[in-house]
Amino acid sequence: MEIEQTSLPGVIILTPRRFGDNRGFFSESWNRQRMVCAGIDIDFVQDNHSVSREVGTLRGLHFQTPPHAQAKLVRCGRGALYDVAVDIRHGSPTFGQWVGVELSFDNGKQVLIPEGFLHGFVTRAPDTEIVYKCSDYYAPDCDAAVRFDDPEIGIDWGLSGAPVLSDKDAAAPRLADLPEYFM
């Protein structure tokens, strides 16, 4: 497994090795024991899988508040997406900063997003599948979001037109309007 640090401490790109032959390939996408040896100690308790039909579907920026904050390990099962993490830990030297990673079926990359970060993505191919592990269970009362186009964050999503959004994401507040959930 190739492990690459990003400009945001804790946000890590993991690229599993693929073992291929004429049938296709095999890849180990997560091995807790190997990750602990690499200094990554997260217990995942839930797997999620979503499909976005249209190119330009934007989901996010999402997070769960304490006491049910989630770390996520995100990968692309089919298609391609641009995945983004934003630091919302108040007092962090990288508060409000973001990092983006191209994830696709072809490149096999995954991104590990710790607690205290917003998460969102935009699809680059039709019928894109997103598969991700979470370190805590979904808790509707802790579900929260920030606007994808918040000018304080300034994410360049690489969109050529208006994104396909849910009503929830279109109505999300700005980062400045959130309480200090993570210190």
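With respect to PRO173, is the statement that it is in a loop (DSSP other than H, G, I, E, B) and free of Cβ contacts under 8 Å to residues at least 24 places away in the same chain true? Quick ask: steps written out before the conclusion?
Numbers: in a loop (DSSP other than H, G, I, E, B): yes; free of Cβ contacts under 8 Å to residues at least 24 places away in the same chain: no.
Judged against the criteria, PRO173 is not a match.
Looking only at residues in the stretch 65-100 that are touching a residue at least 60 places away in the same chain (Cβ under 8 Å) and of a type in the set (Phe, Trp, Tyr), which one is farthest from PRO16 (Cα to Cα)? It comes out as TRP98. Just one of the numbered conditions (1) in contact with a Gly (Cβ under 8 Å, 6 or more places away or on another chain); (2) modelled with pLDDT of 95 or more is not true of SER160: (2).
Yes/no matrix, rows are residues, columns are (1) within 21 Å of THR57 (Cα to Cα); (2) touching a Cys at 6+ places or on another chain (Cβ under 8 Å); (3) crowded, with 18+ Cβ neighbours inside 10 Å:
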| site | (1), (2), (3) |
| --- | --- |
| ARG75 | yes, no, yes |
| TRP98 | yes, no, yes |
| PHE105 | yes, yes, no |
| GLY116 | no, no, yes |
| HIS119 | yes, no, yes |
| PRO126 | yes, no, no |
| TYR137 | no, no, no |
| PRO151 | yes, no, no |
| PRO179 | no, no, no |
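For the stretch 170-177, the count of residues that are touching a strand residue (DSSP E or B) at 6+ places or on another chain (Cβ under 7 Å) and surrounded by fewer than 17 Cβ atoms within 10 Å (Cβ to Cβ) is zero.
The requirement of being free of Cβ contacts under 8 Å to residues at least 60 places away in the same chain and assigned to a strand (DSSP E or B) is fulfilled nowhere in the stretch 133-150; no residue meets it.
Return yes or no: is ALA85 surrounded by 18 or more Cβ atoms within 10 Å (Cβ to Cβ), assigned to a loop (DSSP other than H, G, I, E, B) and among the aliphatic types (A, V, I, L, M)? Steps first, please.
Details: surrounded by 18 or more Cβ atoms within 10 Å (Cβ to Cβ): yes; assigned to a loop (DSSP other than H, G, I, E, B): no; among the aliphatic types (A, V, I, L, M): yes.
For ALA85, the condition - surrounded by 18 or more Cβ atoms within 10 Å (Cβ to Cβ), assigned to a loop (DSSP other than H, G, I, E, B) and among the aliphatic types (A, V, I, L, M) - is not met.
Within the stretch 106-129, the set of residues being under 22 Å from ILE40 (Cα atoms), in a loop (DSSP other than H, G, I, E, B) and either free of Cβ contacts under 8 Å to residues at least 40 places away in the same chain or in contact with a Phe, Trp or Tyr (Cβ under 6 Å, 6 or more places away or on another chain) (or both) comprises GLY116 only.
Any idea which residue in the stretch 49-73 is surrounded by the fewest Cβ atoms within 10 Å (Cβ to Cβ), counting only those that are closer than 15 Å to ILE130 by Cβ and small (Gly, Ala, Ser)? Checking each candidate, the answer is SER50.
May I ask you to say which residue of LEU112, LEU58 is touching a Leu at 6+ places or on another chain (Cβ under 7 Å) and closer than 23 Å to ALA171 by Cβ? Break it down stepwise before answering.
Working: LEU112 fails: closer than 23 Å to ALA171 by Cβ.
Of the residues listed, the single one that is touching a Leu at 6+ places or on another chain (Cβ under 7 Å) and closer than 23 Å to ALA171 by Cβ is LEU58.
The values are calculated or read from the model by the stated rules, or taken from the named source; none is laboratory data. Quick caveat, the model's predicted, so the values are computed rather than measured. Methodologically, a virtual Cβ is constructed for each residue, glycine included, from the backbone with ideal geometry; neighbour enumeration extends over all protein chains shown.
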